[in-house]
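Take a look at the structure below.
The values are calculated or read from the model by the stated rules, or taken from the named source; none is laboratory data. Remember, it's a predicted structure, so these values are computed and weren't measured experimentally. Quick reminder, even Gly has a Cβ in these numbers, built from the backbone with ideal geometry, and neighbours come from all protein chains shown. Areas reflect the complete protein model, heavy atoms only, side chains present, ligands, DNA and RNA absent. Shrake-Rupley method; radii C 1.70, N 1.55, O 1.52, S 1.80 Å.
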2 protein chains.
Amino acid sequence: MIPGPTPVPETVLKAMGRHPIGHRSGEFQAVVERTNAQLRWLHQTSSDVLVITGSGTAAMEAGIINTLSRGDRVLCGDNGKFGERWVKVARAYGLDVEVIKAEWGQPLDPEAFRRALEADTDKAVKAVILTHSETSTGVINDLETISSHVKAHGVALTIADCVTSLGATNVPMDAWGLDVVASGSQKGYMMPPGLSFVAMSDRAWSAYERSDLPKFYLDLGPYRKTAAKNSNPFTPAVNLYFALDAALEMMQTEGLDSIFARHARHRAAATAAMKAIGLPLFAAEGYGSPAITAVAPDGIDAEQLRKTVKERFDILLAGGQDHLKGQVFRIGHLGFVCDRDVLTAVAAIESVLQSLGLHKGTMGAGLSAASSALNS
Amino acid sequence: MIPGPTPVPETVLKAMGRHPIGHRSGEFQAVVERTNAQLRWLHQTSSDVLVITGSGTAAMEAGIINTLSRGDRVLCGDNGKFGERWVKVARAYGLDVEVIKAEWGQPLDPEAFRRALEADTDKAVKAVILTHSETSTGVINDLETISSHVKAHGVALTIADCVTSLGATNVPMDAWGLDVVASGSQKGYMMPPGLSFVAMSDRAWSAYERSDLPKFYLDLGPYRKTAAKNSNPFTPAVNLYFALDAALEMMQTEGLDSIFARHARHRAAATAAMKAIGLPLFAAEGYGSPAITAVAPDGIDAEQLRKTVKERFDILLAGGQDHLKGQVFRIGHLGFVCDRDVLTAVAAIESVLQSLGLHKGTMGAGLSAASSALNS
């Protein structure tokens, strides 16, 4: 129950364990052709979705360095660890970064973006870079509204980290006018880590032509060219492609609406349960991520709780990152997670709180609230 | 029988197919600790060997961009497709590249490097970049001698692509004074593609401090810092780490000397067989790679031969790359390859030549020569 690596279905593990085949073979090209089409379906886009062997960070970095040039002015949203990371990437490449901050646990304010973009009358801002679902705090940002403000600006691109939102909630790339969407395999994709994905709009590809930042492995031009021939510019992680193929087929069978409804139901169950047992949520009301619920168990050592849940019930919860360590624990409900998993996690948390003498409410109140949410 | 992805033992495939675990867990740290030690053993070095989720190209690019700065003068060896690639990477980052060329099929001339380095009296050359085993042509370059000339220069670093030499032949990083050694998992490591490795000497780390090329995902500083804590800066390909652990354990059981002897024996068998059936080798005499034997079957369509071997016997040989397509085929004997595999490939090639009416010698001559080489 961590936000990645997430649980992997047996079908996908079996696909992983196949003997690799030549990455230039016809058999492998057929895999690439299928996954290319499935990835467009998942992103709700007619643009190419390119596959990089690397982590989600590699995909985000690729999105930034393929569309921007040295000295370009960008707005970076920062309300958590991943927002901070994109600020660092942008600065590592000499971009002129204006940070739009919100406290950890609070959502980014779309109005702050609107004001900054409206004030930019000479259209110096070339991109707005932000995280959709901020995994470190369990907050979902209003990407749709922020993207609409970027569209009104007319020049800037929207570059979005959708690592823990894609495959968990609606991210209609074309309908929202997103220019770069980055994601990683060990999240909503229900597969192990090692592949990352970056989709680029036509506007992003126009910007690519002007981009002067140096790159080679993460230069998306050759990825696009070879993707058109169902191939890759460098030897890809062939076995992870097998897993991707199997996982995307399972996702298509379930359907986007069912996948999104399942994640929303699990968020509702986890948040209702934590409230019922008196553990405050860390994310601001109404901005809980469909992928992960962060809990700030006021006066309780979150690490002790996590450790005991692992020891007693072999369930791994995520801890707080950086300054939140010990203050926050996080329940991941992303990817291949079913109602039973969420119910079990809630039950284990309640049981451990009871054993530690820290349960603040009626024993079973969390389970009851979770169950009601799952049944409604 | 291609030079990558190479055959993968069942033990390694089974490790791959395990359910992933959290990359920040104690259990995973134990895997990283073991593989870190095993990788030093394989590289015959006391330096850290860092693991990147990506292809061998990512590792080579990392070696270049972590040690050099914009405008730095470098010498690049180029006698094949991969030599060409490192020239492109160096130029993509604005380095001042002097190319030391040899014809495809010929080895790089160590004297050419010596002359260029001796002429550089103001020590402007910051690195010599070259490929040890040039997979595209089946040529092994004399890395040891070239590295000794670099050492005599006193300032330049040796940055070596050892993608198809490491784990196939002796590459004693410390003894040869190599500064950067890059490799990839789908080669001598006997595992699927997706991980790459870069080892850096103390001199390379000193150069890292001065390097001004922009980087983030491939910035080796955070890899080094986290490796010291048996961890990774970004989510690694956890399942490929399981495979790495299993594969390196098998390699340690076999022992470096046995591994190198096996590859040398297979090279001897493949080259003797091709000579015996009158098919000229593409690599210059005495410079055949222990990983791959390239054959230029004068007057025979190499692609037709490859295709027929695949159809009749389900054995995949590699084709010629770029302008060598149709003129060259390549027999990979890298990684998890046994005597039987080499004997079978030779037998299949002879049988297909016979069926096409293209066998130039006595049927069975190749098999006899290969068998003698394997038995001696």
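Pick from region A:208-222 the residues that are away from chain B (no Cβ under 12 Å) and touching a residue at least 12 places away in the same chain (Cβ under 8 Å): which of them is surrounded by the most Cβ atoms within 10 Å (Cβ to Cβ)? Step through it out loud before you land on a result.
Here is the first cut: in region A:208-222, the residues away from chain B (no Cβ under 12 Å) are A:208-211, A:220.
Next cut, touching a residue at least 12 places away in the same chain (Cβ under 8 Å) only: A:208, A:210-211, A:220.
Values: A:Tyr208: 17, A:Arg210: 11, A:Ser211: 21, A:Leu220: 26.
Filtering region A:208-222 for residues that are away from chain B (no Cβ under 12 Å) and touching a residue at least 12 places away in the same chain (Cβ under 8 Å), the one surrounded by the most Cβ atoms within 10 Å (Cβ to Cβ) comes out as A:Leu220.
State whether the residues of region B:234-253 include one that is surrounded by fewer than 23 Cβ atoms within 10 Å (Cβ to Cβ), away from chain A (no Cβ under 14 Å) and without any contact (Cβ under 8 Å) to a residue 60 or more places away in the chain. Scanning region B:234-253, I find at least one residue that is surrounded by fewer than 23 Cβ atoms within 10 Å (Cβ to Cβ), away from chain A (no Cβ under 14 Å) and without any contact (Cβ under 8 Å) to a residue 60 or more places away in the chain, so the answer is yes.
In region B:255-265 there is no residue matching the filter, namely being within 14 Å of chain A (Cβ to nearest Cβ) and crowded, with 21+ Cβ neighbours inside 10 Å. Do the conditions hold for B:Leu334, that is, is it in contact with a strand residue (DSSP E or B) (Cβ under 9 Å, 6 or more places away or on another chain), touching a residue at least 40 places away in the same chain (Cβ under 8 Å), within 14 Å of chain A (Cβ to nearest Cβ) and under 20 Å from B:Thr169 (Cβ atoms)? So B:Leu334 passes the test.
Taking the criterion of being of a type in the set (Val, Ile, Thr) and outside any strand (DSSP E or B), the residues of region B:290-323 that qualify are B:Ile300, B:Thr308, B:Val309, B:Ile315.
On the given criteria, is B:Arg330 at pLDDT 95 or above and open to solvent by 40 Å² or more (accessible area, probe 1.4 Å)?
Details: at pLDDT 95 or above: yes; open to solvent by 40 Å² or more (accessible area, probe 1.4 Å): no.
Here the answer is no, as B:Arg330 does not meet what is asked.
Within the option set A:Gly361, A:Gly326, being in a loop (DSSP other than H, G, I, E, B), without any contact (Cβ under 8 Å) to a residue 60 or more places away in the chain and more than 24 Å from A:Met190 (Cα to Cα) holds for one residue only, A:Gly326.
Across region A:307-319, the qualifying residues are those that are free of Cβ contacts under 8 Å to residues at least 60 places away in the same chain and open to solvent by less than 20 Å² (accessible area, probe 1.4 Å), and the one among them that is farthest from A:Ala345 (Cα to Cα) is A:Gly319.
Residue selection: A:Leu281 fails the criterion of being more than 22 Å from A:Phe260 (Cβ to Cβ), open to solvent by 30 Å² or more (accessible area, probe 1.4 Å) and not assigned by TED's automatic domain parsing to the domain that holds A:Leu143. Report yes if B:Gly26 is within 25 Å of B:Asn239 (Cα to Cα), out of contact with any strand residue (DSSP E or B) (no Cβ under 7 Å at 6 or more places or on another chain), among the small types (Gly, Ala, Ser) and within 14 Å of chain A (Cβ to nearest Cβ), otherwise no. So B:Gly26 passes the test. All of (1) surrounded by 19 or more Cβ atoms within 10 Å (Cβ to Cβ); (2) within 14 Å of chain B (Cβ to nearest Cβ) hold for A:Lys81 with one exception: (1).
A quick yes/no check of all residues on (1) at the interface with chain B (Cβ under 10 Å from one of its Cβ atoms); (2) within 22 Å of A:Arg210 (Cβ to Cβ); (3) of a type outside the set (S, T, N, Q):
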site: A:Pro7; (1), (2), (3): yes, no, yes
site: A:Glu33; (1), (2), (3): no, no, yes
site: A:Ser46; (1), (2), (3): no, no, no
site: A:Gly56; (1), (2), (3): yes, no, yes
site: A:Ala59; (1), (2), (3): yes, yes, yes
site: A:Ile100; (1), (2), (3): no, no, yes
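Please determine whether any residue of region A:290-306 is open to solvent by 40 Å² or more (accessible area, probe 1.4 Å), of a type in the set (A, V, I, L, M) and farther than 19 Å from A:Pro5 by Cα. Show your work before the answer.
To start, the set of residues in region A:290-306 that are open to solvent by 40 Å² or more (accessible area, probe 1.4 Å) comprises A:298-299, A:301, A:303-304, A:306.
Next, only the ones that are of a type in the set (A, V, I, L, M) stay: none.
No: zero hits.
Out of curiosity, is B:Ala369 among the aliphatic types (A, V, I, L, M), crowded, with 19+ Cβ neighbours inside 10 Å, touching a residue at least 40 places away in the same chain (Cβ under 8 Å) and under 30 Å from B:Pro110 (Cα atoms)? Reasoning before the result, please.
Working: among the aliphatic types (A, V, I, L, M): yes; crowded, with 19+ Cβ neighbours inside 10 Å: yes; touching a residue at least 40 places away in the same chain (Cβ under 8 Å): yes; under 30 Å from B:Pro110 (Cα atoms): no.
When the stated conditions are applied, B:Ala369 does not pass them.
Only a single item in (1) open to solvent by less than 30 Å² (accessible area, probe 1.4 Å); (2) of a type in the set (Lys, Arg); (3) in a helix (DSSP H, G or I) is not met by B:Arg340, and it is number (1).
Going by the conditions given, is A:Ser201 open to solvent by less than 20 Å² (accessible area, probe 1.4 Å) and closer than 24 Å to B:Glu61 by Cβ? Walk me through how you get there before you give the answer.
Working: open to solvent by less than 20 Å² (accessible area, probe 1.4 Å): yes; closer than 24 Å to B:Glu61 by Cβ: no.
It is false that A:Ser201 is open to solvent by less than 20 Å² (accessible area, probe 1.4 Å) and closer than 24 Å to B:Glu61 by Cβ.
To keep it simple, each residue is scored yes or no on (1) basic (Lys, Arg); (2) more than 17 Å from B:Gly194 (Cβ to Cβ); (3) in contact with an Asp or Glu (Cβ under 6 Å, 6 or more places away or on another chain); (4) not assigned by TED's automatic domain parsing to the domain that holds B:Ala237.
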site: B:Pro3; (1), (2), (3), (4): no, no, no, yes
site: B:Met16; (1), (2), (3), (4): no, no, no, no
site: B:His23; (1), (2), (3), (4): no, no, no, no
site: B:Gln29; (1), (2), (3), (4): no, yes, no, no
site: B:Glu33; (1), (2), (3), (4): no, yes, no, no
site: B:His43; (1), (2), (3), (4): no, yes, no, no
site: B:Ile52; (1), (2), (3), (4): no, no, no, no
site: B:Ala58; (1), (2), (3), (4): no, no, no, no
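Counting just the residues of region A:179-197 that are within 13 Å of the chain's Cα centre (by Cα) and assigned to a strand (DSSP E or B), which one comes out farthest from the other protein chains (Cβ to nearest Cβ)? Even if it seems obvious, please write down each step before you answer.
Just the residues of region A:179-197 that are within 13 Å of the chain's Cα centre (by Cα), to begin with: A:181-190, A:193, A:196-197.
With assigned to a strand (DSSP E or B) added as a condition, the list becomes A:181-184, A:196-197.
On the way: A:Val181: 18, A:Ala182: 12, A:Ser183: 12, A:Gly184: 7, A:Ser196: 9, A:Phe197: 14 Å.
So, considering only residues that are within 13 Å of the chain's Cα centre (by Cα) and assigned to a strand (DSSP E or B), the one farthest from the other protein chains (Cβ to nearest Cβ) is A:Val181.
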